[in-house]
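Visitor: What follows is a structure written as structure tokens; I'll ask about it next.
The values are calculated or read from the model by the stated rules, or taken from the named source; none is laboratory data. Please read all numbers here as calculations on a predicted model, not as lab measurements. So basically every Cβ, Gly included, is an ideal-geometry build from the backbone, and we count neighbours across all protein chains shown.
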Amino acid sequence: MRTTLTLIIAAIFSVAANAHNITGKVVDENKSPLDFVNVVVHKADSTYLAGTVTDENGVFLFNERDDKPKFVKVSSIGYANQTLVIPPAGDLGVIILKPESVMLGEVVVKSNRPVTAIKGDALVTNVAGSQLEHAGTANDVLPQVPMVLGRDGNFEVFGKGTSVIYVNGREIRDVNELTQINSADIKNIEVVTNPGAKYDASVKSVIRIRTKRPQGEGFSGTLRTMGVAQKYFRNVDQANLKFRAGGLEVFANFGYMIGKFQSDARAEMITNSTIRWDELFSQRGSMHQNDFFGKTGLSYLFNENHSIGGYYLNSFTRQKSSHTGTTSVWANDALYDRFTINRAAETKTLPSHYANIYYSGKVGGLGIDFNADYLWRKVTNPVSTQEQSEMQENSMINSTGTSRSRMFAEKLVLSYPIWKGSIELGEEFASSRFSTIYTTDAEIVGNVDSRVDENNISTFMELRQSFGNFNFGAGIRYEHVGFEYLENGQKNEDQSRTYNNLFPSLSLSTTVKNVQLSLSYTHKTQRPSYTDLDGTVDYVNRFTLENGNPYLKPEKNHTVEAMGAWKKFFGQISYTYKKDPIMHTTRPYGDNGEIKLITLENFPKIQTLQAFIGSRFKVGLWQPTVNAGIMKQWFSIDFVDGCRNLGNPIGMVQFQNAIHLPLDIWMNIDLQWMSAGDDKNMRQASSSYLNAKLYKAFFKNNFSVSLEANDIFDKGNYGATMMSRYVSIYRCSEDLNRSFIITLQYTFNSSRDRYRGKGAGNSEKSRF
């Protein structure tokens with residue numbers, strides 16, 4: 001079977017290699033590539049034959065055709081159409097589209113490309129030429145992109161969870177990189193809400209940032225400083241330096257953050273067993289944090305078809321926290337105890353090492369991307385907890401946890417034009433190890449020495465074809481995951497697992513007049529993180545413990561999604577069936593079961609429906625954006641008083657305003673409201689925020705100043721209640737969420753990175 005498959009693939013490449021193609025590259029008047037431009041081939045009598053769209057590099061391709069096309073018509077909204085004669089060799093070279101203007105008396109009306117459009121399975125937001133160019137950095141642009149939620153590097157897609165972020169095809173591991181990208185250098189941002197087989201089966205959403213192509217020789221760099229005043233003050237400084245000469249590019253990035261954070265919280269826990277226990281927790285404290293990172297590397301561009309490079313990254317983190325809290329406990333409504341807790345902890349990440357090497361090339365029509373990655377990290381976490389009881393005995397608990405992570409990964413991806421589109425084939429291998437040594441003097445908790453060794457092997461194939469106005473994609477991904485769970489150096493057969501899974505994906509997109517439509521299906525999984533699998537029992541207080549669960553199974557998801565865009569409006573709706581979803585829950589611990597253990601378990605299933613709509617307008621100097629979304633799940637749990645339905649929907653409304661003031665100052669006023677509702681077995685309260693920002697660039701965007709006031713009314717924090725059979729836990733952060741930020745940034749001789757490494761084992765890195 002393997003030999004037959006090899007012969008079939010070889011035959012496909014052989015046929016494609018002998019074809020004479022019709023190809024070209026479409027750019028704008030600034031020589032920047034234009035993607036998803038419509039390209040159609042005609043006969044001499046103007047009879048339509050076939051159509052396609054340009055890719056992210058502005059390139060289009062038609063394989064040799066028997067119907068002998070004569071003309072190519074190139075068109076895109078906002079640009080003047082061009083009709084060209086196909087040369088004998090089939091290569092039309094570089095085609096420059098010019099903006100289209102219409103003269104009405106003394107008024108010139110200039111067409112604008114739609115800010116948000118659909119390209120295949122992605123929702124594309126054009127940044128170049130829009131008010132988003134003046135947002136500041138990529139970190140400032142992303143909250144203005146439809147369906148993207150979050151800030152300060154922590155972004156997710158509405159209803160899809162945390163996203164994987166790519167910049168020019170390379171996944172970023174350090175969110176500080178987002179602050180290194182000037183918004184004026186961004187071309188567009190693609191949001192993929194249902195990613196296909198080329199992505200790891202655990203990836204639920206993808207954000208792809210594509211920058212423009214400025215050229216710069218010699219030295220270049222960006223210097224940035226940011227001061228944040230919340231309850232306490234913190235400072236973030238970065239320096240990114242680069243030298244380019246010919247094909248050689250050498251770079252070095254440095255940064256550090258130092259500051260103090262508030263850490264106040266409140267919680268209520270109700271436990272129904274032989275006795276009804278009511279516990280009320282209140283905690284006040286702070287954390288000092290120091291972060292440092294340094295990254296250096298180089299790349300060499302032999303020509304546009306061949307590039308090699310590598311980099312090394314080292315980072316150090318130290319956190320010291322101290323908290324004072326009170327806990328009151330009632331047994332059947334009678335006061336049982338009240339005690340004060342003093343907790344001191346220190347988390348230290350020793351210099352963590354991360355390296356990448358890559359080769360990116362093209363031989364004929366065959367594209368080749370190879371990456372190899374290595375990661376090593378050690379984290380220590382000593383904790384001291386003192387309890388002073390009013391009615392019971394005092395206690396003093398000390399513990400120390402030490403975890404080590406190690407990973408090696410490689411990834412190879414081949415791409416080739418075939419028939420009316422392209423095919424991608426790839427393989428990836430990752431070998432990882434996560435070990436934990438935990439020691440404590442608590443009598444109810446034992447010491448732990450555990451380790452997880454995992455090998456992950458995956459292959460994928462993704463085929464994309466264009467038939468007239470229809471674009472079709474199909475993919476299949478195979479993943480083999482085998483891991484061994486060891487305690488005290490001995491393999492535990494019951495907790496060791498092997499998985500072999502196939503993950504298919506399908507997509508279809510088309511344009512009907514000026515309406516863009518897409519439909520997709522994916523099968524995904526969500527494997528538990530190594531922390532989730534860690535069986536170490538942590539001491540919270542004398543009534544409550546917490547740990548992971550080595551017996552967790554991966555979650556499996558099936559998603560069907562539809563998207564549409566018309567003029568300035570777009571919409572999305574998706575349905576997901578989740579099997580074995582992973583959720584926090586509680587269960588009795590110890591001989592009498594009065595102590596409760598907060599842990600993780602697989603539940604049978606959840607069904608969810610999600611919808612999102614939005615639009616962006618322009619009224620003079622005012623450019624408002626309105627978005628709205630809703631999430632609804634079908635899920636119920638066994639509760640102490642019977643079956644309880646957790647199906648209350650969660651709604652969200654965003655109202656974002658960009659105003660172009662005199663002196664080229666940009667002001668943003670953004671409002672978001674999210675309703676109360678149910679997410680898995682969590683019942684969350686409502687929340688909202690109002691943010692305001694002023695941004696001004698000087699010296700041709702080389703120097704910029706921004707002033708921000710975030711969550712002005714301090715309504716961003718919200719409480720959530722975890723529901724389980726015998727226990728419900730309400731938690732709420734009481735930190736001050738309001739903050740004021742000033743950012744200064746200076747860029748000289750700005751140039752886009754030539755580094756083309758995309759990384760390997762990226763899903764494993766996120767699990768660490």
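Visitor: Check off (1) over 21 Å from PHE483 (Cα atoms); (2) at pLDDT below 90; (3) buried (at least 19 other Cβ atoms within 10 Å of the Cβ) for ASP534 and give me the number that stays unchecked.
Guide: All conditions are met except number (1).
Visitor: Select from the stretch 336-386 the residues that are more than 15 Å from PHE316 (Cα to Cα) and free of Cβ contacts under 8 Å to residues at least 40 places away in the same chain and write down the one among them that is nearest to the chain's Cα centre (by Cα).
Guide: Applying the filter and picking the extreme gives TYR374.
Visitor: Restrict the check to the stretch 689-706 and report whether at least one residue is within 30 Å of THR274 (Cβ to Cβ) and of a type outside the set (Lys, Arg).
Guide: No.
Visitor: Just name the residue that is modelled with the lowest pLDDT out of those in the stretch 274-293 that are under 17 Å from LEU335 (Cα atoms) and not basic (Lys, Arg).
Guide: Restricting to residues being under 17 Å from LEU335 (Cα atoms) and not basic (Lys, Arg), the top hit is THR274.
Visitor: How many residues are in a strand (DSSP E or B) and either of a type in the set (Ser, Thr, Tyr) or in contact with a Pro (Cβ under 9 Å, 6 or more places away or on another chain) (or both) when one looks only at the stretch 539-555?
Guide: 3
Visitor: Kindly evaluate ARG497 against the criterion of being at pLDDT 85 or above, surrounded by 14 or more Cβ atoms within 10 Å (Cβ to Cβ), farther than 30 Å from GLU393 by Cβ and of a type in the set (Lys, Arg).
Guide: Judged against the criteria, ARG497 is not a match.
Visitor: Being farther than 26 Å from ASN371 by Cα and assigned by TED's automatic domain parsing to the domain that holds TYR358, is that true of even one residue in the stretch 164-182?
Guide: Yes; the residues of the stretch 164-182 include at least one that is farther than 26 Å from ASN371 by Cα and assigned by TED's automatic domain parsing to the domain that holds TYR358.
Visitor: Here's another thing I want to ask about it. Across the stretch 571-606, which residue is modelled with the lowest pLDDT among those that are part of a strand (DSSP E or B) and hydrophobic (A, V, I, L, M, F, W, C)?
Guide: Among them, the one singled out is ILE595.
Visitor: What about ILE613, is it among the β-branched types (Val, Ile, Thr), in the same structural domain as ASN194 (by TED's automatic domain parsing) and at pLDDT 90 or above?
Guide: So ILE613 passes the test.
Visitor: Name the single residue, out of those in the stretch 128-150 being modelled with pLDDT of 85 or more and under 30 Å from LEU506 (Cβ atoms), that is surrounded by the fewest Cβ atoms within 10 Å (Cβ to Cβ).
Guide: Checking each candidate, the answer is LEU149.
Residue-by-condition table, conditions (1) closer than 21 Å to THR52 by Cβ; (2) modelled with pLDDT of 90 or more:
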| position | (1), (2) |
| --- | --- |
| GLY421 | yes, no |
| PHE429 | no, yes |
| ALA442 | no, no |
| VAL448 | no, no |
| THR459 | no, yes |
| PHE472 | yes, yes |
| GLU487 | no, no |
| LEU502 | no, yes |
| ASN514 | yes, no |
